[in-house]
Structure formats: C-alpha cells, structure tokens
Amino acid sequence: MTSQPAPAAAVPPAVDDLVSGGPASDDPSPAVSASDGSASEGSAPDGPRPAGSVAATLVLAASTVGWLGLLILSVLAILGVATDGVLTVTETAYGLPAVIFAALVAGAGVAQAVRRLADRRLGPAPVLRFVAAAGSGAVVGAGAAAGMVLGDGRGGSAVMILGWALFAGATVGGTLAGLHRRAGLLTAAAAAAALGVAVLTTGRELAKGPLLELLGAGDTPASVLAAQSRLVWATALLAGVVAGLVAFGYLHRAHRRADQVPPWPAYLVAGAGPGALLLVAEVITRVGGAQLLGLARSFSESDDTFQTMANAGRINSALVVLFVGAFTALICFGRTLPARPETGADTD
C-alpha cells in the first residue's frame, strides 16, 4: 500500500479572497480545496500569486479620491478670493503640479481597485482588464475636471487648462495601474506611499511660518530664500523616508497575508514609486500646462524667476524622494531577512 504524499504547504483558500494585484495567470479560476493538496490562482501554479487585501485596495482608492477632492476644494477656495485675471493665472499655475500629482495617484488607486474586483469576472482577458483600469482612471479624471470647472463657475482659460490636466493625470494613473497584471500591488504600494508624502507636504505648508523661522528666516529676502531652500531639501529627505517606510509596510503586510517572500527589487521599485509618480506628474504639468505656465511667466521678471525656481525645486525634490524612498524600503527589507548561519568558522 503506497502512502499518500504529504500535501504541499499552501495558503488556505480563505486567503485567496484577500489577494490583489491581478492573478498569476490570465485565468482567475477559484482556488481548489485544501484537501486537494494545493491552492492555485489559475492555470499557472508555478507563477507568483497576487498579494494584498481587497479591503486595502478599496480603502486606498477612497483615500486617494478624498485627497484629490480636498485639493480641488482648496484650489477653488483660493481662486474664489482672486480679484483679477493675473492673480487667477498665478494661483492656478502654482497649484497645478500638486493637483496633477493627486489626480495621478487617485487614478492609479481607483484603477487598482477596479482591476482587482474585475479579476474574477473578466476571466482570461488581460486587454479587457487593462481597458477597465484605464477607463476607471479616465472616469476619475473626468469627475475631477468637471468638479474644478463647474466649481469655479467662471469658465476661464486657466481653469479649463487645469481641468484638462486633471483628466490627463488621472487617465495616465489608471493606465499605469493596468499595464501589467503583476504590477498592481507595486502600484498600490506606491500610491499608499504617495499619500504619506502628501500628508507630510500638507503639514509643512500648515506650519511653514514657524518652520522658516526655525531654519533661519529673518527680515531680509536673502535669509527667507535660504530658509525656504533648507525647508524644501529637509522636506524632500523626510518625504523619501516616509515613502520608503509606507511602501515597505504595504508590501510586507500584503505578502505576509499570502505567505510570500517577494524578491528585493519589488521593494526597491515600490519605494521609488512616489518619486517616479512625482516625475510623471511633472511631465504632465510641463506638457499639459505649458500654456498656463508660460502665461504665468509673462507677467513680470519676478514671476519668471519664481517659475524657474519652482520647476527646478520640484524636479530636485522628486529625485530625492525617488532615491531616498528606494533606499529606505530596501534597508527595511534587509532588516527582515534572517541572519545567515556562520558555517566553517572554526575550520581555519
């Protein structure tokens, strides 16, 4: 009588209901029972299973949309007190990069949730899942653009440009989330980390006056400018650390749920994700808002200087967040690895 082979270690089927990021194959068939000795996510049992909680993706989507809505309301409040066209253009150009970044993250967050929910319904149809992800990002962008344009009510060209930029940012975010079935979890981790960066940046703006005084701002323009430069660099460094920690925490928790050990490049990419999203938002800002930024430059020489400094500052901050975030996430991953046993230490 031959003995039955021991069942292979596998995640219980209940965990399969908590995974996200797309199935390991294009066939999202349900997992078999534990008595069969395996639990698969489709027809490719040797591929890496998705990880992450459905509830987490839904909470992330709601949080990113909420953040985008708050930024839109903030911009509308600022535009509401603008008394002339020059001030409207200047304030819109100043808020353009932030709202595009928020739209990009919101589009990615919602697209990841839609893609995860569509995995079991669309079957082996990666093209349809991509269309669903990109379409959900476009819907977020259309809603954000409509809210901005209708909320302002004046229909000026500056607000219209801002609306189109919001639509483009959210659509690009949804497209990025739907590019590949294995990239969903990394996109979700990057979006969660981007929310951490946004919270930190908002806190900096709320406490900007005391922070500038702490960093040496005085009565002269030179001292104020130097303090602002120190504040930007300090915020970028801290934002990179926050991005790396949040991205690592999101990935680590998701993979613990699915009993997976991902390769280290996954943490590297997720930690660098917020910085990469900032760079993508900057590209959309330069392309979609070129007319608005050019108009804001044309009012005076000081406006032109301010826009030049702001552009350079955003690029530098994004690069710092990218590299520091990636390095932080990689260090956190390394801290979770078991210590290598010392072998042959007494042979010499």
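The values are calculated or read from the model by the stated rules, or taken from the named source; none is laboratory data. Note that this is a predicted model, so its numbers are computed, not measured. Note that we place each Cβ from the backbone using ideal geometry, even for glycine, and neighbour counts take in every protein chain shown. Note: accessible area is taken over every heavy atom of the protein model, side chains too, but ligands, DNA and RNA are not part of it. Shrake-Rupley method; radii C 1.70, N 1.55, O 1.52, S 1.80 Å.
Quick check on region 237-247. Is at least one of its residues surrounded by fewer than 16 Cβ atoms within 10 Å (Cβ to Cβ) and either in contact with a helix residue (DSSP H, G or I) (Cβ under 7 Å, 6 or more places away or on another chain) or part of a helix (DSSP H, G or I) (or both)? Yes, some residue in region 237-247 is surrounded by fewer than 16 Cβ atoms within 10 Å (Cβ to Cβ) and either in contact with a helix residue (DSSP H, G or I) (Cβ under 7 Å, 6 or more places away or on another chain) or part of a helix (DSSP H, G or I) (or both).
The condition of being surrounded by 16 or more Cβ atoms within 10 Å (Cβ to Cβ) and part of a helix (DSSP H, G or I) holds for only one of 142, 226, that being 226.
Of all positions in region 151-164, none carries a residue that is in contact (Cβ under 8 Å) with a residue 24 or more places away in the chain and under 24 Å from residue 326 (Cα atoms).
So which residues in region 96-114 are open to solvent by 10 Å² or more (accessible area, probe 1.4 Å) and under 18 Å from residue 133 (Cβ atoms), if there are any at all?
Correct list: 110, 114.
Mind checking whether some residue in region 246-268 is at pLDDT below 90 and either of a type in the set (S, T, N, Q) or at positive phi (or both)? Scanning region 246-268, I find at least one residue that is at pLDDT below 90 and either of a type in the set (S, T, N, Q) or at positive phi (or both), so the answer is yes.
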